[in-house]
Amino acid sequence: MKNGTRRTTLTLPVKALAEADRIARKRKVNLSVVVAEALEKSLAAEAEAKREGERRVQSWEAYGKAFSRLTPEQQEAVSGVFMDEVVEE
């Protein structure tokens, strides 16, 4: 392994490979550069989405813990959302 790279063989969708090849020619870089950049961006976006999901879960759990001692009516007052009972006619 040199320069933190490794040779491998991939099977890629024809349209995606053609677009990557077009981008590589336009930028005058090797196709491997374009594919590596696309892969790195995709992996980073996936990791960020996972972290964002985890942050949302932690926030929701903290919210529930912070207001767990309140009655439902007090929770409505804190959230600003008041739920009226549904009366069927």
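Where a number appears in this text, it was derived from the coordinates with a stated rule and is not lab data. Values in this document were obtained by computation on a predicted structure and should not be read as measured data. With ideal geometry, Cβ positions are generated from the backbone for all residues, glycine too; neighbour counts draw on all protein chains shown.
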Computed about the Cα centre, the charge dipole of the chain from +1 Lys/Arg and -1 Asp/Glu charges at the Cβ has a magnitude in debye, to the nearest 20, of 1620
Spacing of the two label points (7 Å from each Cα toward its C-beta) at K15 and E85, in nm: 5.6
Hull volume per residue for the chain, using the convex hull of the C-alpha atoms, in Å³ is 257
Taking the chain and counting helices only, DSSP H stretches of n ≥ 4 at -39,500 (n - 2.57) each over all residues, the nearest-500 ellipticity at 222 nm comes to -22500 deg cm²/dmol
If R0 = 30 Å, then A44 and V78, at their Cβ-Cβ distance, give a FRET efficiency to the nearest 0.05 of 0.20
Restricting the stretch 29-89 to chymotrypsin sites (Phe, Trp or Tyr not before Pro) in coil, as DSSP defines it, with at most 15 other Cβ within 10 Å: F67, F82
In degrees between 0 and 90, to the nearest 10, how far off the longest principal axis of the chain does helix 31-66 point, with axes built from Cα atoms? 10
